[in-house]
Structures are given as structure tokens and as C-alpha cells.
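The structure under discussion appears below in the form of C-alpha cells.
The values are calculated or read from the model by the stated rules, or taken from the named source; none is laboratory data. Note that the structure is a prediction, hence the values are computed from the model and not measured. Glycine also receives a Cβ, built like all others from the backbone with ideal geometry; neighbour counts cover every protein chain displayed.
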Amino acid sequence: MLNLLGTRHRFCDGISRRSLLKIGGLAMGGLGLPELLRVEAASGKASHKSVIMVFLSGGPPHQDMVDLKMDAPVEIRGEFQPIATKVPGIEICELLPLLAERMDRLAIIRSLVGSEGRHAAFQCMTGHSVNGQPAGGWPSFGAAVSKIQGTVEPGTLPFIGLSPRMKNAAWGDPGQAGFAGQAHVPFAPNAEQARLGLAGISVESLRNRKQLLNEIDRLKREAETSGALLGLESQYQAAFGILTSSKLVDALDLEQEDPRVRDMYGRGATENAGYGDAGPLMNDYLLAARRLVEAGARVVTLAYGRWDWHGRPHGTNFENARDHLPIFDQGLSALLDDLKDRGLDKDVTVIVWGEFGRTPVINKNGGRDHWPQVACAMLAGGGMRTGQVIGSTNRLGEHPKDRPVHFQEVFATLYRCLGIDVARTMLPDVSGRPQYLVDPIYEPLPELV
């Protein structure tokens with residue numbers, strides 16, 4: 001990223017000189033112009049299948065959402081009642097009535113295992129532990145897909161991370177490039193703030209390409225004596241061609257969406273959830289994810305809310321659930337309906353999960369603590385066999401009773417939904433050693449595929 005130091009100047013349209021100088025790495029996690037142009041030049045030949053990954057920051061309580069334990073002692077079973085769903089025999093929490101009506105389009109994993117127990121998005125983004133990484137580090141799912149399949153067409157980007165910057169940075173990680181290389185970091189339009197946009201520069205300003213390019217020409221003239229911008233004009237022109245392409249900007253401009261659709265999603269809240277170290281319950285992010293995959297993105301990641309509910313003084317597990325779950329229920333249900341209505345449900349896979357589950361025993365503060373022994377996940381779309389529950393836990397929700405499902409099995413399934421064979425596909429790490437995307441002992445979930 002070109003980042004020239006000097007006096008901060010502000011142009012008449014409110015765009016600062018320094019903002020323009022930084023635009024080569026605009027919210028791309030440090031992605032510079034050469035890498036940006038290589039991403040744009042890559043021509044993906046695979047069909048346009050996509051994955052939307054929703055990360056529930058902090059670890060959602062499996063036993064209060066999709067695996068209620070009504071036969072357990074009171075100190076375990078909690079305050080909520082199960083309700084019947086559209087699929088006979090499957091019950092979920094009473095606070096998720098809209099998802100219950102759409103259970104035929106969902107697959108619930110109640111026996112997710114293999115969590116490394118860290119408060120971070122890393123494992124949900126990569127499938128791997130942070131320990132013992134190969135040279136260059138594991139690429140996130142989106143980065144690997146970007147490396148393997150490239151862009152759908154010029155003017156689109158394969159990997160987009162909608163998570164806003166968070167006080168707990170490990171929760172806001174949209175997924176790193178690792179040994180896939182910096183050309184495959186996610187485009188992150190919310191990296192600087194918890195609202196949709198392009199690094200604080202308005203959509204209207206980005207639409208005025210001529211004005212922005214003229215400002216770059218002015219900066220170029222100012223720097224001619226130092227030669228700092230010499231030879232970069234063509235790269236800036238091409239980069240702005242991507243960043244201001246109608247598909248990308250239009251997808252991020254939710255004002256173009258039918259207000260009835262935005263209301264269907266519920267829009268959500270802009271303020272950070274919980275006590276400020278995680279992201280907002282922003283249902284607009286779910287809508288933006290649909291718009292982005294429709295516009296050509298292969299992988300869209302986003303963090304949603306704050307699910308680390310240890311109890312007072314920040315509200316009990318159940319008080320927080322009463323706040324989060326109805327908003328989540330509306331947003332995810334709207335996403336499923338929207339994808340189906342647009343004929344995208346067979347091509348777009350949705351995965352919802354967190355880094356671990358919560359303790360069976362409710363603590364003295366009315367919360368549930370970290371529980372890496374077992375967790376849950378929800379999947380939908382992608383041509384998978386839905387309307388089912390995979391795995392179960394014991395009577396107290398402590399550990400799998402049958403069919404433990406490893407994180408990497410889920411990733412093998414996600415790759416397969418995109419047409420990538422994990423048994424045959426390898427990527428070289430920075431030392432040149434080929435690496436499988438997931439450990440070869442894991443395969444796609446036969447229940448789903």
C-alpha cells in the first residue's frame with residue numbers, strides 16, 4: 001500500500017489527501033496495487049458457487065439454541081423451552097420461531113468437535129489450529145478459494161470480509177491470506193468502522209471516478225519532484241476500475257435495495273453488541289452478503305454480535321439470548337428466504353457457527369463459560385441435504401453421544417459445495433511444500449452431500 005507521509009490536506013469533497021494516498025490498500029488488509037491488479041486479472045473458470053460464513057463471535061450456547069436439555073437438572077437446562085419445527089422430531093429454542101418454520105432448509109450439527117478453545121475467528125475461518133502452522137501460515141477458506149478459483153469475472157473480487165474492526169481484533173478477523181499470498185487477502189469494506197462503506201469514502205464519491213482520478217493526478221503533480229508517484233498512474237487507474245466497478249459498489253450500496261427487503265431482514269443495530277469488544281447485530285451485513293455473492297463474490301465472511309455470555313454485570317446468558325436470538329432469527333431466516341426467492345439457494349452455501357460451545361452448568365453469575373468439548377453449527381443451501389440433525393450430545397450436553405463432527409469435516413464439505421476436491425487439491429506453502437486444504441483423514445460429510 002502506498003502511504004506517503006506529510007501534511008494532511010482535505011479537498012472540497014471532504015476526501016483527505018492522505019485518504020487518497022492510502023487508497024491503493026483500501027481496506028484490503030495491506031493489499032497493494034500489484035496484488036489488487038493480479039486478483040482482477042485472474043480469470044475464474046469454475047461455476048459461480050458461493051459460501052456465506054457467519055461467525056458468532058464468542059461462542060454461542062448450543063444448549064440454549066439447538067440442543068435444549070429438558071431432562072437435565074435445573075442448573076443445566078436453562079430458562080427456555082423447545083418448540084417443534086417444520087421437520088417432525090426436530091426441536092429448537094422457542095426464541096427461534098422463524099428458523100423453526102424453515103427447518104427443512106437447515107441442517108443442524110449438534111456434535112461439533114475439535115475446537116482449540118481460543119477466543120478467535122481463526123479456526124472458523126481456516127479449519128485449522130493456530131499451533132503448528134506450515135510456512136507462511138494457514139490460509140483462510142476464502143483466501144484458498146480465491147487462490148484456486150480466482151475471480152468470477154473482471155471487476156469482481158472473490159473474497160470479501162464484512163466484519164467491522166473490533167476491540168477484540170481476533171473476533172473481527174475476516175480471514176487471513178496465509179501462504180496463499182497477499183493477493184488473496186479479503187476486501188474488507190468495514191475494516192475501519194462498523195458500517196457498510198469503503199474506508200469512510202462515500203459511495204457517491206467513489207461513483208464519481210473522474211473526480212477521484214483528477215485528484216490523483218493532482219497528487220501526482222505535487223509529488224513529481226520526488227518521483228514518488230512516477231509510473232503508478234496506470235495502476236491507480238486500473239485499481240479504481242475495480243473499486244468503483246458498478247457491481248462492487250452497487251452491491252455495497254444498500255440504499256439501492258427494495259426497502260421491503262431491508263425491512264424483511266430487520267436491519268439490526270449499528271452499535272456494538274454486549275459490552276463493546278465485538279461487532280453489532282447488523283442484519284444489513286447479511287443482506288450485503290447476499291448482494292455480494294449475487295454480484296460475483298465466492299466467499300463472504302462476517303462476524304455477528306457478541307456471544308460470550310459469562311453473566312453479570314453484563315447480563316446473564318439468558319438476558320443476552322433474549323436480546324440476540326430474535327434479531328438473529330429474523331436476519332438468518334430472511335437470508336434463507338431471499339436466496340430461495342432469487343434462485344440462489346442451490347448455489348450459495350450458508351454456514352453459521354462460533355469458536356466453541358458453552359458450559360452445561362450455569363455459573364453463579366447466570367452465565368455459561370467456555371466449553372471446547374462440543375459445539376453446534378447450522379448449514380443451509382449449496383445443494384446439501386437439509387432438514388436434518390447430525391450428531392447428538394449426552395443428556396447434559398457435555399460431549400458427543402454419537403457422530404462427532406470435526407471442524408475439518410465441515411470445511412471439506414464447504415470446499416465440495418464450491419466444486420473443490422479436498423482429496424486432490426493442494427496448495428504450496430511459502431517453502432514450496434504442497435499442503436492439503438484439510439487433513440486427508442477428513443472427508444465431506446456424507447449426510448449432507
### Task
Would you mention how many residues in segment 110-159 are closer than 16 Å to PHE179 by Cα and surrounded by fewer than 20 Cβ atoms within 10 Å (Cβ to Cβ)?
9
### Query
Can you pull out the strands (runs of 3 or more DSSP E) entirely within segment 51-158 that have at least 1 residues that are closer than 23 Å to GLU355 by Cα and of a type in the set (S, T, N, Q)?
106-113
### Task
Name every residue in segment 409-448 that is part of a loop (DSSP other than H, G, I, E, B), more than 18 Å from PHE159 (Cα to Cα) and touching a residue at least 60 places away in the same chain (Cβ under 8 Å), in order of residue number.
THR425, ASP429, VAL430, SER431, ARG433, VAL438, GLU447, LEU448
### Query
Do the conditions hold for ILE83, that is, is it within 23 Å of GLU398 (Cβ to Cβ), of a type in the set (Val, Ile, Thr) and in contact (Cβ under 8 Å) with a residue 12 or more places away in the chain?
no
### Task
Would you tally the residues in segment 77-124 being of a type in the set (Val, Ile, Thr) and touching a Gly at 6+ places or on another chain (Cβ under 7 Å)?
2
### Task
Report yes if some residue within segment 1-16 is outside any loop (DSSP other than H, G, I, E, B) and either surrounded by fewer than 15 Cβ atoms within 10 Å (Cβ to Cβ) or at pLDDT below 95 (or both); otherwise report no.
yes
### Message
Based on this model, can you work out whether LEU379 counts as out of contact with any Gly (no Cβ under 6 Å at 6 or more places or on another chain), outside any loop (DSSP other than H, G, I, E, B), at pLDDT 95 or above and over 30 Å from GLY89 (Cβ atoms)?
### Response
no
#### Entry: Residues that are touching a residue at least 60 places away in the same chain (Cβ under 8 Å) and either more than 21 Å from the chain's Cα centre (by Cα) or at positive phi (or both), drawn from segment 357-371
ARG358, PRO360, VAL361, ILE362, ARG368, HIS370, TRP371
### Query
Can you tell me how many residues in segment 275-303 are closer than 20 Å to TRP353 by Cβ, assigned to a loop (DSSP other than H, G, I, E, B) and touching a helix residue (DSSP H, G or I) at 6+ places or on another chain (Cβ under 7 Å)?
1
### Message
I'm checking my understanding of the structure. Among residues of segment 136-160 that are more than 19 Å from PHE55 (Cβ to Cβ) and of a type in the set (S, T, N, Q), which one is modelled with the highest pLDDT?
### Response
GLN149
### Query
For segment 159-180, what are the residues that are touching a residue at least 24 places away in the same chain (Cβ under 8 Å), assigned to a loop (DSSP other than H, G, I, E, B) and small (Gly, Ala, Ser)?
SER163, ALA170, GLY172, GLY175, ALA177
### Query
Within segment 390-398, can one find any residue that is part of a strand (DSSP E or B), polar (S, T, N, Q) and surrounded by fewer than 18 Cβ atoms within 10 Å (Cβ to Cβ)?
yes
## Note on the structure
Taking segment 329-365 and keeping residues closer than 23 Å to GLY78 by Cα and hydrophobic (A, V, I, L, M, F, W, C) leaves VAL352, TRP353, PHE356, VAL361, ILE362
### Query
Given the conditions (1) under 20 Å from the mean Cα position of the chain (by Cα); (2) modelled with pLDDT of 95 or more, which single one is not true for ASN317?
(1)
### Message
Name the single residue that is nearest to the chain's Cα centre (by Cα) among those in segment 258-305 being hydroxyl-bearing (Ser, Thr, Tyr) and modelled with pLDDT of 90 or more.
### Response
THR301
### Task
Find all pairs meeting these conditions: Cβ atoms under 8 angstrom apart; at least six residues apart or on different chains; first residue within segment 250-278 and under 23 Å from HIS314 (Cβ atoms); second residue in a loop (DSSP other than H, G, I, E, B) and polar (S, T, N, Q).
ASP277/ASN168; ALA278/SER57; ALA278/ASN168
### Message
When you scan segment 341-353, do you find a residue that is in a loop (DSSP other than H, G, I, E, B) and either in contact with a Phe, Trp or Tyr (Cβ under 8 Å, 6 or more places away or on another chain) or within 13 Å of ILE109 (Cβ to Cβ) (or both), even just one?
### Response
no
